[in-house]
1. Restrict the search to the stretch 177-217; then list the trypsin sites (Lys or Arg not before Pro) that DSSP places in a loop and that have at most 15 other Cβ atoms within 10 Å of their Cβ.
2. Hey, how many Å between the Cα centroid of the stretch 157-215 and the Cα centroid of the stretch 72-138?
3. Taking all protein chains as present, what is the carbon and sulfur share of the accessible area of the stretch 127-226, in % to the nearest whole number, probe 1.4 Å?
4. Rank W142, W184 by accessible area, highest first, at a 1.4 Å probe radius?
5. Listed here are the pairs K13/K39; K5/K123; K29/K212; K5/K215; K5/K177; K5/K39; which of them are more than 26 Å apart at the Cα?
6. For the stretch 211-224, what does the Karplus curve 6.51 cos²θ - 1.76 cosθ + 1.60, with θ = phi - 60°, yield as ³J(HN,Hα) per residue in whole Hz, taken in order and with x for Gly and Pro?
7. Label the stretch 37-178 by shape, choosing from rounded, prolate and oblate, from the square roots a ≥ b ≥ c of the eigenvalues of the Cα gyration tensor; if a/c is under 1.5 it is rounded, and otherwise prolate applies when a/b is larger than b/c, oblate when it is not.
8. Tabulate in residue order the Karplus-calculated ³J(HN,Hα) for the stretch 128-136, using 6.51 cos²θ - 1.76 cosθ + 1.60 with θ = phi - 60°, rounded to whole Hz; enter x for Gly and Pro.
Amino acid sequence: MARRKLVYEGKAKILYEGPEPGTLVQYFKDDATAGNGEKRDTIDGKGALNNRLSEYFMTGLGTIGVPTHFIKRLNMREQLIRAVEIIPLEVVVRNVAAGSICERLGIEEGTPMPRPIVEFYLKNDDLNDPIVSEEHIIAFGWAAQQDLDDMVSLALRVNDFLSGLMLGVGIKLVDFKIEIGRVWDNEFMRLIVADEISPDSCRLWDIETNRKLDKDVFRRDLGDLADAYTEVARRLGVMPQGPSGVSRPTLIN
Ligand code: UDP
């Protein structure tokens, strides 16, 4: 088979040219990095789990009318996606304080937010993805006011959907990051959810025990990352189990 053309290689994923114009193949690597690439390792199975989980979340979002780049899963590690023009901002939604907000504002980890908080970070590894305000975004032209309004509304819809989904399987959605891209349908530009949604880009805590089931397991050396991600996939019923294919979600009463 002819090698596909590589379009972009990031820390955890590779993008190849897709079979048709306007499409890309997104390949999920087993590589894990933290601290902007300072800590790195290869975690067997992580790529396949994130491919499956991102498919599951994006498909669900599509079902409730939130547009995403996901078209279909191709195999264990690859999915077909719509090519988008990525907006150079990471959109973070927080329900509970953890990570950078604790350091920045001195809030204790685990403190519930009075309401979901939406933050923007500039995608720039050289600058360590600094937090930016809406003023910065508009003044420097990274997005327009209308884009920002649409991004906040998309992010909050993703938050409601994912929070509910996770609650059903006994997991608290502490925070997450999404990336958003522009697509054009004829003359009309619209924003859709792109990149990935997986335990690499969310904080997920067991509701009962607060056990961390996300990339903090790797960031803080708390155990086996693949075990944590497998637990999320198992609870959601997206782990292939035996010849019948897919198991059922574990609903918590
Ligand atoms: N996040 C991410 N990629 C980044 C930075 C953050 O996926 O480059 C996710 C992170 O996993 C967490 C949320 O965004 O779910 C908020 O991250 P935070 O700002 O607390 O940054 P951290 O201290 O985790 O780098």
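The values are calculated or read from the model by the stated rules, or taken from the named source; none is laboratory data. Keep in mind that what you see is a predicted model, and the values were worked out from it rather than measured. All Cβ positions, even for glycine, are placed from backbone atoms using ideal geometry, and neighbour counts span all protein chains on display. What goes into the accessible areas is simple: the full protein's heavy atoms, side chains included, and nothing from ligands, DNA or RNA. Shrake-Rupley method; radii C 1.70, N 1.55, O 1.52, S 1.80 Å.
1. When the trypsin sites (Lys or Arg not before Pro) of the stretch 177-217 are filtered for loop state and at most 15 Cβ neighbours within 10 Å, R211 remain.
2. So the separation of the two Cα centres works out to 10 Å.
3. The computed percentage sits at 52.
4. Putting W142, W184 in descending order of accessible area: W184, W142.
5. With Cα atoms farther than 26 Å apart: K5/K215; K5/K177; K5/K39.
6. 4, 7, 10, 9, 5, 4, 4, 7, 4, 10, 6, 9, x, 8
7. The shape class here is rounded.
8. Values, residue by residue: 6, 6, x, 5, 9, 8, 4, 4, 4 Hz.
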